[in-house]
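*Asks:* Got a structure for you, questions after.
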Amino acid sequence: MPVSKPYGGQHGYETKIWPVPTQFYASPDLLKEQKIEPMALEEIQRSYGPLVRSLEERLRRYERKIWIQILLAVIGFIAIASFAGRIDWWIAILLAVVANFATNLLAFGLRSLF
């Protein structure tokens, strides 16, 4: 059965305001001309507010920690693998545990720097 009175409110496409038409989006060239860096924390705060800036900042900090942790773990595993066949299995396990502990300690210890 056809609708006798279709919705025409603010979320309707008839108003031409939702979704925002793409002609209102700034192009990368225009942003560059205006010296606007969309991923800068200050710009994120101006665009979306302090809460979103805080979330973005924390995500970036945790991402750096994870990459540091992965790098240190890989270095530790390479070091352990270089001793393969030259050390007993229990020493290899102990070194792996120590490397994992040191990686976590170093990654979380450096958090104040990032």
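*Asks:* How would you rank W67, W90, going from fewest to most other Cβ atoms within 10 Å of each one's own Cβ?
*Replies:* Values: W67 11, W90 8.
Exposure proxy ranking, most exposed first: W90, W67.
*Asks:* Separate question: Give the order of F24, F83 when sorted by the count of other beta carbons within 10 angstrom, beginning with the fewest. Intermediate results must be reported in sequence, preceding the final value.
*Replies:* On the way: F24 6, F83 11.
Taking fewest neighbouring Cβ atoms as first place, the list is F24, F83.
*Asks:* Sticking with this structure for a sec: Net charge near K35: determine it from the other residues with C-beta under 13 Å of the C-beta of K35, scoring Lys and Arg +1 and Asp and Glu -1. Could you put the intermediate results ahead of the total?
*Replies:* Working: positive: K32; negative: D29, E33, E37, E42, E43.
Result for the neighbourhood of K35: -4.
*Asks:* Once you place label points 7 Å from the Cα toward the Cβ at K5 and Y48, how far apart are they in nm?
*Replies:* 3.9
*Asks:* May I ask for the Kirkwood hydrodynamic radius of segment 13-113, worked out over all distinct Cα pairs and given in angstroms to one decimal?
*Replies:* Values: mean 1/r = 0.0559 Å⁻¹.
Answer for segment 13-113: a Kirkwood hydrodynamic radius of 17.9 Å.
*Asks:* Which of I68, I36, I93 comes first, and how do the rest follow, when ranked by fewest Cβ neighbours within 10 Å? Show your work: numbers first, answer last.
*Replies:* Details: I68 17, I36 14, I93 11.
With the sparsest Cβ surroundings first, the list reads I93, I36, I68.
Quick note: the coordinates plus some simple rules give every number you see, no bench work behind them. The shown structure was predicted, so the numbers you read here are calculated from the model rather than taken from an experiment. As a convention, Cβ positions derive from the backbone with ideal geometry for all residues, glycine included, and neighbour counts pool all protein chains shown.
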